[in-house]
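Student: Below is the structure I would like to discuss, written out as structure tokens.
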Amino acid sequence: MTELTKQLPLPTPVSAHHRDPVLDVVVPVYNEQADLERSVRRLHAHLRETFPYPFRITVADNASTDETPQIAARLAATLPETHWLRLPQKGRGHALQAAWSTSRAPVLAYVDADLSTDLAALLPLVAPLISGHSDIAIGTRLARGARVVRGPRREVISRCYNALLRSTLAVGFSDAQCGFKAVRRDVAERLLPLVQDTGWFFDTELLVIAERAGLRIHEVPVDWVDDPDSRVDILSTALADLRGIARIGRALARGALPTAALRRDDGGPSSGLAGQLLRFCAVGAVSTVGYVLLYAALRPATGAQAANAGALLLCALANTAANRRLTFGLRGPGGALRHHAKGLLVFVLGLALTSGSLAALHHLVPAAVRSVEIAVLVAANLAATLVRFALLRAWVFRAHRHGTGSATA
């Protein structure tokens, strides 16, 4: 098993006696000659005064055409703990990919070059990552406690974008695009190869993948003041974001996001046959009791075959959900639709077995009493259950069992 397919170990706190930089703050820039030096010196002074660990500031210049490269080089030569990286391609996502991929600091962060976010939130942002409490931390302008100064147009666009994310991708985080984020390096090493976007959608894609993998995302309400000189093209950025949402949505619908490798190895259910069989039998016993009760309740009103189909369908949905979580250790919504679709196909096989048994009983013993019907159905349902376990393990949850597919944590 390669490093990228192994489960993430449980996070541990960063040592208080770390000699190398614990935090690497990346400042992605493109043609920022007016603000770059002032912002970097302000960030450096803040970290020197407030951050209790060694740190590094990396200016990631992505294809600037003004004096930004010269200013960045001068800062790196004269300001301790400051480095710069010259990249030939534009794109904030590209800059962060390059800077984070080469850093050895345990915690990686980035801030916008204009420092719109108050730096007082920087230590609260990274503290949960240093302690091992969380995997990713984001500044949010949309949570209670945040203080934001910006025009109504930007406010409406931001809220609409995040509402769109919640309605289409069912995300739980509140603010995808605030330029104030941090991630543990061990998590970044697994996440970055999965993120395709190299522009403004980079943040959203990274967060969606992380959330679908069950990683812990910490949110910090921030004080944020809009930069009136921002050169972001809102229309082109919005269109790119919509394309990104559609792409991620399609990947989620197909179960194509390979997030299994991002699971934390938290001692959850084992993938061994014996352990899975025991948990499956426990779930199956509860499902069988539920099935019998549902059949008995539906039989007087619907007849034997309809009662059997209805009871089996309801129990099959509940059974798939329970086995997904308890037997095969899957958490989160990623791949759930695909798993339930396959589970329904397995249900059709179970329905054929039980309905066929019921039809055979009525053909052989037309006057069979209710207790005999239930006994035959229980026996047929047990046979269907064995087939169901084999199919769940070999087909429905096969990708997770081998640890290389797209099942999420």
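Student: Scanning region 26-46 for residues that are of a type in the set (A, V, I, L, M) and surrounded by fewer than 20 Cβ atoms within 10 Å (Cβ to Cβ), which turns out farthest from residue 125 (Cα to Cα)? Before the answer, list the steps.
Tutor: Step one: filter region 26-46 for residues of a type in the set (A, V, I, L, M), giving 26-27, 29, 34, 36, 40, 43, 45.
If we keep only those that are surrounded by fewer than 20 Cβ atoms within 10 Å (Cβ to Cβ) as well, we get 34, 45.
Numbers: 34: 27, 45: 18 Å.
By that ranking, first place goes to 34.
Student: Identify the residue in region 193-205 that is within 13 Å of the chain's Cα centre (by Cα) and not in a loop (DSSP other than H, G, I, E, B) and, among all such residues, is surrounded by the fewest Cβ atoms within 10 Å (Cβ to Cβ). Show your work before the answer.
Tutor: Here is the first cut: in region 193-205, the ones within 13 Å of the chain's Cα centre (by Cα) are 194-195, 203-205.
Going one step further and asking which of them are not in a loop (DSSP other than H, G, I, E, B), we end up with 194, 203-205.
Values: 194: 18, 203: 22, 204: 24, 205: 23.
The extreme case among them is 194.
Student: I'm checking my understanding of the structure. Among residues of region 341-387 that are over 23 Å from residue 285 (Cα atoms) and small (Gly, Ala, Ser), which one is surrounded by the most Cβ atoms within 10 Å (Cβ to Cβ)? Spell out the reasoning first.
Tutor: Our first condition is that a residue be over 23 Å from residue 285 (Cα atoms); within region 341-387, this holds for 359-369.
Keeping just the survivors that are small (Gly, Ala, Ser) gives 359-360, 367-368.
Numbers: 359: 12, 360: 12, 367: 6, 368: 15.
Across region 341-387, the extreme among qualifying residues is 368.
Student: Going by what's in this entry, would residue 163 be described as part of a loop (DSSP other than H, G, I, E, B) and farther than 19 Å from residue 51 by Cα?
Tutor: Details: part of a loop (DSSP other than H, G, I, E, B): no; farther than 19 Å from residue 51 by Cα: yes.
So residue 163 does not fit the description; no.
Student: Of all residues in region 99-118, which are surrounded by fewer than 22 Cβ atoms within 10 Å (Cβ to Cβ) and assigned to a helix (DSSP H, G or I)?
Tutor: 101, 102
Student: For residue 282, work out the one condition from (1) among the hydrophobic types (A, V, I, L, M, F, W, C); (2) modelled with pLDDT of 80 or more; (3) surrounded by 15 or more Cβ atoms within 10 Å (Cβ to Cβ) it doesn't fulfil.
Tutor: Among (1) among the hydrophobic types (A, V, I, L, M, F, W, C); (2) modelled with pLDDT of 80 or more; (3) surrounded by 15 or more Cβ atoms within 10 Å (Cβ to Cβ), the lone unmet condition for residue 282 is (3).
Student: In this structure, does residue 126 turn out to be open to solvent by 30 Å² or more (accessible area, probe 1.4 Å), among the hydrophobic types (A, V, I, L, M, F, W, C) and not in a loop (DSSP other than H, G, I, E, B)?
Tutor: On the way: open to solvent by 30 Å² or more (accessible area, probe 1.4 Å): no; among the hydrophobic types (A, V, I, L, M, F, W, C): yes; not in a loop (DSSP other than H, G, I, E, B): yes.
Judged against the criteria, residue 126 is not a match.
The values are calculated or read from the model by the stated rules, or taken from the named source; none is laboratory data. Quantities reported herein were computed from a predicted structural model and do not represent experimental measurements. In this analysis, Cβ positions are derived from the backbone assuming ideal geometry, glycine residues included, and neighbour counts consider all displayed protein chains. These accessible areas exclude ligands, DNA and RNA; they are computed on the full protein's heavy atoms, side chains included. Shrake-Rupley method; radii C 1.70, N 1.55, O 1.52, S 1.80 Å.
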